[in-house]
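In what follows, a structure is listed as structure tokens, so that the remarks can point back to it.
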Amino acid sequence: MSFEAPDNVKEILANLPTRPGVYLHKDSNDCVIYVGKAVNLRSRVRSYFQQNVDSFKTRRLREQIADIEIITTDTELEALLLEMNLIKKYKPHFNVRLKDDKRYPYIKIGWSSSYPKVTVTRRMIRDGSRYFGPYTSVWAVHQTLDLLRKIFPYLTCDRDIDGNDTRACLYFDIKLCNAPCIGNVSQAQYRDMIQGMMDFLHGKSDEIIKGIENQMLIASNEMDFEQAAIHRDQLKAIDRVVAKQKVISAANTDQDVIAFARDEADACVQVFFIRHGKLIGREYFLLEGTEDETDPDVLGEFLTQFYDEAAHIPREVLLPNEIEEALIIEQWLKQKRSTKVSITVPQRGKKRELVRMAAVNAADTLATLRQQWAADRSKHVTAMTELQEALELDTPPSRIECYDISHTQGKQTVGAMVVFVQGAPRKSDYRRFNVQTVGNDDYGAMKEVLARRFQRYADTTAGELHDPSKIGKLRKETAWSILPDLLIVDGGKGQLAMAKSVLESFKLTGEVPIAALAKSEEELFVTNSRRSIRLPDRSEGLYLVQRVRDEAHRFANEGHRKRRSKVGVASILDSIPGIGPKRRKILLDQFKSIDGIRQATVEEVAAVPGIPFGVAQTVKTQIN
């Protein structure tokens, strides 16, 4: 089948530069669906539109390309950095991406403060702190810190430490803090301990063990058996940590060993962290968007995304196979580390064995995860079957929509629609409604929300909107154009009757089954029975209904809080003479929040277009 690009894309292809840079493929809704880099933009971008393209993924991609944006750079390295930032910003559907909705956790040590504290964070910032990670499990982070605190009793409180407090907290009594707050240790002693902790996290355990053994011996010789027992317990805690570490190679070795396994559309990357010759930890990371991508391309994308967020850059990275951009990535890693970094593909010996071991672990991890996913899918199938039988539905409810209302005494009322498909939430189909026609009336609010939802269904399916811009928007929002297999409203018989009346008005009574879930007894009310239905306790069907209801409640409350906070900001500004809706918007666009305006000077407020100096003075006076 021949393929022909849109006319505007043809014009772009005819005028592409031959310089290095980044290209962004966009769909008809101006959404970025792919970001790529190239040494020669002209040849790389035009390759997508050749008639003979082997990759099914590329064929699907180019069918959706409605526009192309080009950004040229001076070097390949600049293109690499720009591509990373744009993928992070847009999360394009067709790019290979680390599969995670949130940032990975790190151990953070606030080294820039006088008495550094140890916390867990998901965001690294340049504030002088030292970071260790990333970890894929926050549970594993806290488990590690629980052990480390027995060895290095660090601060966890919010006190301002000056050594003059009259009394320490409970943690001092149970030997989990050495109480610098009362002067039990000096600032220098406390920082030495934290330095030891950082060395330990880097894999330098031998010297720390020797130091604690010497301290235990001295305490024992001085007949201070209580202190000797503390050091003994520290050594036991160290043994528990070090027992998980393996001596792999020479004492000065600083390596990451990376390998991965693939199965259909899934890819699992395993990373071994070797510090000072010891395997101090390993983590696995999942990738999405890998279908039809070559192994070197998948590996290259992982390296750039992983090391962009990594707390430590090793001296050497071991890989299972060569990647095309190894030299550029080495150059980038060298900049991040400030010393040379080598990317190596070992062919024999211990290093090759390490890569093989990482690959085996990746395959085992992926197999285990797929078993877990299959078990979860089995539970979802069971849940939908139980609902079908209990509610006497024609088919299992593959798509469930649930609605809830949130407000404060009828103010800032928000309706929420959440969607579960095959037993799992589909957040891209979630929608919120700012209720406009009623006040403190849950039934009226639910009626408005459902009416608006099914009006959108009617509009998208019947083509009643003639504005082309609106039609494009509605086609993008496919959530409106699909009817649910089960509609759940949060409430009892009253909400059920109201929902039924809305569906009747849209002639959808026979097409959309309805159920109302009463909070108190977890009863389901349906239109074809006077009696309530109670699903068995601990059944998968009940668990699914509760999850759907709780998610709708959470989503509605979150929307209500956001709307309430916006109204709070608006009311503050609207009460200031000289500030109307237009100037309020200008100020919030410029300073983002009331706090932002509060921190600005009068001159900075007056510098905003449309804000006279006198009004700026009034704003500052009123807000402060």
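The values are calculated or read from the model by the stated rules, or taken from the named source; none is laboratory data. Computed from a predicted structure; not experimentally measured. When we count neighbours, we look across all protein chains shown, and the Cβ atoms used for this are built from the backbone with ideal geometry, even at glycine.
Look at segment 33-56 and say how many of its residues are assigned to a helix (DSSP H, G or I) and either in contact with a helix residue (DSSP H, G or I) (Cβ under 8 Å, 6 or more places away or on another chain) or surrounded by 16 or more Cβ atoms within 10 Å (Cβ to Cβ) (or both). Can you show your working first?
If we filter segment 33-56 for residues that are assigned to a helix (DSSP H, G or I), which is where we start, we get 41-49, 56.
Next cut, either in contact with a helix residue (DSSP H, G or I) (Cβ under 8 Å, 6 or more places away or on another chain) or surrounded by 16 or more Cβ atoms within 10 Å (Cβ to Cβ) (or both) only: 41-42, 44-46, 48-49.
Of the residues in that region, 7 qualify.
From the list Ile70, Ile65, pick out the single residue that is touching a Phe, Trp or Tyr at 6+ places or on another chain (Cβ under 6 Å) and touching a residue at least 24 places away in the same chain (Cβ under 8 Å). Reasoning before the result, please.
Numbers: Ile65 fails: touching a Phe, Trp or Tyr at 6+ places or on another chain (Cβ under 6 Å).
Being touching a Phe, Trp or Tyr at 6+ places or on another chain (Cβ under 6 Å) and touching a residue at least 24 places away in the same chain (Cβ under 8 Å) holds for just one of Ile70, Ile65, which is Ile70.
Tally time: how many residues in segment 271-302 are over 29 Å from Ile208 (Cα atoms) and not aromatic (Phe, Trp, Tyr)?
Selection size over segment 271-302: 16.
Conditions (1) closer than 30 Å to Asp192 by Cα; (2) modelled with pLDDT of 90 or more; (3) assigned by TED's automatic domain parsing to the domain that holds Asp27; (4) not polar (S, T, N, Q), marked per residue:
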position: Leu61; (1), (2), (3), (4): no, no, yes, yes
position: Gln64; (1), (2), (3), (4): no, no, yes, no
position: Glu78; (1), (2), (3), (4): no, yes, yes, yes
position: Lys88; (1), (2), (3), (4): no, no, yes, yes
position: Asp101; (1), (2), (3), (4): no, no, no, yes
position: Val118; (1), (2), (3), (4): yes, no, no, yes
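Which of (1) crowded, with 16+ Cβ neighbours inside 10 Å; (2) more than 24 Å from the chain's Cα centre (by Cα) is the odd one out, the single condition Pro17 does not satisfy?
Of the numbered conditions (1) crowded, with 16+ Cβ neighbours inside 10 Å; (2) more than 24 Å from the chain's Cα centre (by Cα), the odd one out for Pro17 is (1).
Restricting attention to segment 213-243, which residues are hydrophobic (A, V, I, L, M, F, W, C) and touching a residue at least 40 places away in the same chain (Cβ under 8 Å)? Explain how you work it out, then say what you get.
Step one: filter segment 213-243 for residues hydrophobic (A, V, I, L, M, F, W, C), giving 216-219, 223, 225, 228-230, 235, 237-238, 241-243.
Listed by number, the residues that qualify are Ile230, Ala237, Ile238, Val241.
Do we find a residue being in contact with a Lys or Arg (Cβ under 7 Å, 6 or more places away or on another chain), touching a residue at least 60 places away in the same chain (Cβ under 8 Å) and of a type in the set (A, V, I, L, M) anywhere in segment 122-137? I'd like the intermediate steps shown before the answer.
Going residue by residue through segment 122-137, those that are in contact with a Lys or Arg (Cβ under 7 Å, 6 or more places away or on another chain) are 122-123, 129, 131.
With touching a residue at least 60 places away in the same chain (Cβ under 8 Å) added as a condition, the list becomes 131.
From what's left, of a type in the set (A, V, I, L, M): none.
Checking segment 122-137: not a single residue is in contact with a Lys or Arg (Cβ under 7 Å, 6 or more places away or on another chain), touching a residue at least 60 places away in the same chain (Cβ under 8 Å) and of a type in the set (A, V, I, L, M).
Could you grab me the full set of residues in segment 77-119 that are under 21 Å from Glu330 (Cβ atoms), without any contact (Cβ under 8 Å) to a residue 60 or more places away in the chain and surrounded by fewer than 21 Cβ atoms within 10 Å (Cβ to Cβ)?
Glu78, Asn85
Let me confirm something: among Ala390, Ala363, Ala374, Ala367, which residue is over 27 Å from the mean Cα position of the chain (by Cα) and over 30 Å from Arg130 (Cβ atoms)? Walk me through how you get there before you give the answer.
Details: Ala363 fails: over 27 Å from the mean Cα position of the chain (by Cα); Ala374 fails: over 27 Å from the mean Cα position of the chain (by Cα); Ala367 fails: over 27 Å from the mean Cα position of the chain (by Cα).
Of the residues listed, the single one that is over 27 Å from the mean Cα position of the chain (by Cα) and over 30 Å from Arg130 (Cβ atoms) is Ala390.
Residue pairs, Cβ under 9 Å, 6 or more apart or interchain, first in segment 390-403 and without any contact (Cβ under 8 Å) to a residue 60 or more places away in the chain, second not in a loop (DSSP other than H, G, I, E, B). List them.
Asp394/Gln388
Would you confirm, using the coordinates I've provided, whether Gly128 is at positive phi and of a type outside the set (Ser, Thr, Tyr)? Before you say what the answer is, go through the steps one by one.
On the way: at positive phi: yes; of a type outside the set (Ser, Thr, Tyr): yes.
It is true that Gly128 is at positive phi and of a type outside the set (Ser, Thr, Tyr).
Is at least one residue of segment 380-391 loosely packed, with under 13 Cβ neighbours inside 10 Å, out of contact with any His (no Cβ under 6 Å at 6 or more places or on another chain), part of a helix (DSSP H, G or I) and charged (D, E, K, R)? Before the answer, list the steps.
Keep residues of segment 380-391 that are loosely packed, with under 13 Cβ neighbours inside 10 Å, which gives 389.
Narrowing the set further to residues that are out of contact with any His (no Cβ under 6 Å at 6 or more places or on another chain) leaves 389.
Filter again for part of a helix (DSSP H, G or I), leaving 389.
Applying the additional criterion that residues be charged (D, E, K, R) yields 389.
Yes - at least one qualifying residue is present in segment 380-391.
I'm trying to understand the selection: among the residues of segment 214-224, which are within 49 Å of the chain's Cα centre (by Cα) and either surrounded by fewer than 14 Cβ atoms within 10 Å (Cβ to Cβ) or aliphatic (A, V, I, L, M) (or both)?
Keep residues of segment 214-224 that are within 49 Å of the chain's Cα centre (by Cα), which gives 214-217, 219.
Correct list: Asn214, Met216, Leu217, Ala219.
Among the residues of segment 487-506, write down those that are in contact (Cβ under 8 Å) with a residue 24 or more places away in the chain and acidic (Asp, Glu). Quick ask: steps written out before the conclusion?
In the first step, residues of segment 487-506 are kept if they are in contact (Cβ under 8 Å) with a residue 24 or more places away in the chain; the result is 487-496, 498-503, 505-506.
Once the filter is applied, which keeps residues that are in contact (Cβ under 8 Å) with a residue 24 or more places away in the chain and acidic (Asp, Glu), segment 487-506 yields only Asp490.
Go through segment 52-69 and count every residue that is closer than 19 Å to Leu16 by Cα and of a type outside the set (A, V, I, L, M).
So the answer is 3.
If I filter segment 163-176 for residues that are in contact with a Leu (Cβ under 6 Å, 6 or more places away or on another chain) and either among the aliphatic types (A, V, I, L, M) or surrounded by 18 or more Cβ atoms within 10 Å (Cβ to Cβ) (or both), do I get at least one hit? I'd like the intermediate steps shown before the answer.
Pass one, segment 163-176, residues in contact with a Leu (Cβ under 6 Å, 6 or more places away or on another chain): none.
There is no residue in segment 163-176 that is in contact with a Leu (Cβ under 6 Å, 6 or more places away or on another chain) and either among the aliphatic types (A, V, I, L, M) or surrounded by 18 or more Cβ atoms within 10 Å (Cβ to Cβ) (or both).
Residue-by-condition table, conditions (1) within 30 Å of Arg282 (Cβ to Cβ); (2) more than 40 Å from the chain's Cα centre (by Cα):
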| site | (1), (2) |
| --- | --- |
| Ser137 | yes, no |
| Leu148 | yes, no |
| Pro153 | yes, no |
| Asn164 | no, yes |
| Asp173 | no, no |
| Ala179 | no, no |
| Asp199 | yes, no |
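Could you give every pair whose Cβ atoms fall below 8 Å, whose first residue belongs to segment 164-175 and is within 20 Å of Gln227 (Cβ to Cβ) and at pLDDT below 85, and whose second residue is hydroxyl-bearing (Ser, Thr, Tyr) and surrounded by 10 or more Cβ atoms within 10 Å (Cβ to Cβ), counting only separations of at least 6 or pairs across chains?
If the second residue must be hydroxyl-bearing (Ser, Thr, Tyr) and surrounded by 10 or more Cβ atoms within 10 Å (Cβ to Cβ), the pairs left are Tyr171/Thr156.
Could you tell me whether any residue of segment 318-334 is of a type in the set (S, T, N, Q), under 28 Å from the mean Cα position of the chain (by Cα) and modelled with pLDDT of 90 or more?
For segment 318-334, residues of a type in the set (S, T, N, Q), under 28 Å from the mean Cα position of the chain (by Cα) and modelled with pLDDT of 90 or more: absent.
Out of segment 249-278, which residues are over 16 Å from Ala367 (Cβ atoms), among the hydrophobic types (A, V, I, L, M, F, W, C) and either at pLDDT 85 or above or surrounded by 21 or more Cβ atoms within 10 Å (Cβ to Cβ) (or both)? Explain how you work it out, then say what you get.
Taking segment 249-278 as the starting set, the residues that turn out to be over 16 Å from Ala367 (Cβ atoms) are 249-258, 271-278.
Checking the rest, the ones that are also among the hydrophobic types (A, V, I, L, M, F, W, C) come to 250-251, 257-258, 271-274.
Of everything in segment 249-278, those that are over 16 Å from Ala367 (Cβ atoms), among the hydrophobic types (A, V, I, L, M, F, W, C) and either at pLDDT 85 or above or surrounded by 21 or more Cβ atoms within 10 Å (Cβ to Cβ) (or both) turn out to be Val257, Ile258, Val271, Phe272, Phe273, Ile274.
Looking only at segment 345-372, count every residue that is exposed (fewer than 14 other Cβ atoms within 10 Å of the Cβ) and farther than 13 Å from Phe272 by Cβ and tell me the total.
7
Confirm whether Ile71 is part of a helix (DSSP H, G or I), of a type in the set (A, V, I, L, M, F, W, C) and under 27 Å from Leu333 (Cβ atoms). If you could, list the steps in order and put the result at the bottom.
Working: part of a helix (DSSP H, G or I): no; of a type in the set (A, V, I, L, M, F, W, C): yes; under 27 Å from Leu333 (Cβ atoms): yes.
The answer is no for Ile71.
For the structure I just gave you, tell me whether Ala445 is closer than 18 Å to Met417 by Cα, among the small types (Gly, Ala, Ser) and modelled with pLDDT of 90 or more. Steps first, answer last, please.
Values: closer than 18 Å to Met417 by Cα: yes; among the small types (Gly, Ala, Ser): yes; modelled with pLDDT of 90 or more: no.
No.
Please go through segment 352-392 and give me each residue that is within 27 Å of Leu319 (Cβ to Cβ) and of a type in the set (D, E, K, R), ordered by number.
Step one: of segment 352-392, the residues within 27 Å of Leu319 (Cβ to Cβ) are 352-370.
Arg352, Glu353, Arg356, Asp364, Arg370 - these are the residues of segment 352-392 that are within 27 Å of Leu319 (Cβ to Cβ) and of a type in the set (D, E, K, R).
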